[in-house]
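**Student:** What follows is a single structure, and I will ask about it in a moment.
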């Protein structure tokens with residue numbers, strides 16, 4: 001399970017990072033051994049991003065003042081789910097720009 005957790009969080013973080021201009025900055029440790037099954041990003045409109053993503057089925061946590069936190073449970077999520085969620089975050093952030 002840990003190997004899948006690492007792979008999911010790595011995939012999710014890398015897809016979000018590839019979406020230049022969406023305003024996300026990785027706040028979690030980049031090294032998987034220093035984080036759990038979650039990834040956090042800083043975004044100047046974090047509360048709006050999390051709310052809009054939730055409205056589209058991607059559930060995360062807003063942590064004031066500017067963190068978007070997403071847990072990726074390896075028992076329940078597929079790689080396709082992680083990829084789609086990351087792409088959705090990019091679309092949400094772009095729509096708020």
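**Student:** Just 71, 55, 36 to compare: in a GNM of the chain, with alpha carbon springs under 10 Å, which one fluctuates most?
**Tutor:** Of 71, 55, 36, the most mobile in the Gaussian network model is 55.
**Student:** At q = 0.15, 0.17, 0.18 Å⁻¹, what is the log10 ratio I(q)/I(0) for segment 2-96, with the Debye formula run over Cα points and no solvent?
**Tutor:** Taken in order of the listed q values, log10 I(q)/I(0) reads -0.49, -0.64, -0.72.
**Student:** Only Cα pairs within less than 10 Å get springs; with that Gaussian network setup on the chain, which residue of 80, 31, 48 has the largest fluctuation?
**Tutor:** Result for the chain, Cα springs under 10 Å: 31 fluctuates most.
**Student:** Now, a different point. Based on the mean of other Cβ atoms within 10 Å per residue, sort peptides 82-92, 16-26 so the most packed one is first.
**Tutor:** So the order, starting with the most tightly packed, is 82-92, 16-26.
**Student:** Using only Cα atoms, find the angle between the long axis of helix 2-18 and the longest principal axis of the chain, and express it within 0 to 90 degrees, rounded to the nearest 10.
**Tutor:** 30 degrees
**Student:** Still on this structure, I have one more. Normalising by the residue count of the chain, find the relative contact order in percent from Cα pairs under 8 Å and 6+ residues apart.
**Tutor:** The normalised contact order for the chain reaches 35 percent.
**Student:** What value, in deg cm²/dmol to 500, does the helix sum -39500 (n - 2.57) over DSSP H runs of n ≥ 4 give at 222 nm once divided by the residues of the chain?
**Tutor:** Helix contribution divided over all residues of the chain: -15000 deg cm²/dmol.
**Student:** Let me ask something else. Over segment 46-96, what is the mean sequence separation of C-alpha contacts under 8 Å (at least six apart), divided by residue count, expressed as relative contact order in percent?
**Tutor:** Answer for segment 46-96 is 37 percent.
Read-outs: derived from the displayed coordinates by stated rules, not from any lab. Note that the structure is predicted; figures quoted are calculated from it, not measured. A quick note on method: Cβ atoms are made from the backbone with ideal geometry, for glycine too, and the neighbour counts reach across all protein chains shown.
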